[in-house]
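The values are calculated or read from the model by the stated rules, or taken from the named source; none is laboratory data. These numbers come from a predicted model, not from an experiment. All Cβ positions, glycine included, derive from the backbone under ideal geometry; neighbour counts span all protein chains shown.
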Amino acid sequence: MAENNQAKMKQNVNSATNEINLGKWINESWDFVMANFTELMIISLIYVIIVLVASSTVVIKFILSGPLSVGIFYVIFNKMRGQSINIGDISKGFNFFVAAVLADILITVFVSIGFFFLIIPGIVISALYMFAFPLILEKNMDFWEAMETSRKVVTKNIFELSVFMLVLYIFMVIGVLLLFVGFLVALPITFAAVALAYKDIFGLEENAAG
């Protein structure tokens with residue numbers, strides 16, 4: 001089983017393209033969110049309220065935030081496949097509960113350690129694992145396989161994708177400075193930008209997972 005997983009990981013890493021287009025992903029993520037504004041604002045509101053309430057207890061936060069993140073990618077990828085947005089589909093992330101929760105815990109720990117030592121390491125580590133949730137969803141990977149596949153693929157273009165992550169962090173900071181409404185716009189733009197990057201680098205499965 002371990003050998004099969006290693007072979008599958010290697011295949012996914014080797015098949016990933018080196019197509020990096022930061023401007024395209026940012027512009028298209030803005031267009032994507034504006035074209036589906038109402039539905040994505042509602043989904044963002046659901047996500048933010050649940051995570052804020054859950055954040056009062058660390059354990060509950062981790063139980064919910066990972067699966068909800070996978071659920072947002074589920075909604076976005078389905079729309080990219082030409083399907084309509086179903087707000088309730090954010091719950092589909094819970095079909096990948098164990099992998100999503102464990103990935104969320106480890107990524108949060110790694111990124112927190114990176115930011116503790118300075119901002120740049122935190123941004124680089126965030127970039128390394130940005131595709132973990134989409135890989136859990138699209139490739140049905142376990143948490144570590146998804147994290148390692150993301151890390152190996154991002155490492156090929158670590159500078160460009162770290163800049164990409166920095167831009168996304170800036171969007172989120174601007175969203176926070178513009179108070180609650182600004183953050184509700186910045187959040188889906190960030191998810192959509194990562195989803196578009198994933199689509200160009202890994203490609204989308206023909207049918208929705210889960």
For region 148-155, state whether one or more residues are crowded, with 20+ Cβ neighbours inside 10 Å, touching an Asp or Glu at 6+ places or on another chain (Cβ under 7 Å) and aliphatic (A, V, I, L, M). no
Tally of residues being part of a loop (DSSP other than H, G, I, E, B) and modelled with pLDDT of 95 or more across region 176-210: 0
Between residues in region 71-94 that are within 14 Å of residue 39 (Cα to Cα) and residues that are of a type in the set (A, V, I, L, M) and exposed (fewer than 15 other Cβ atoms within 10 Å of the Cβ), which pairs lie under 7 Å by C-beta distance while being six or more apart or on different chains? 87/42
Would you kindly identify the helices (runs of 4 or more DSSP H) lying entirely within region 83-175 that contain at least 3 residues that are modelled with pLDDT under 95? 97-117, 119-128
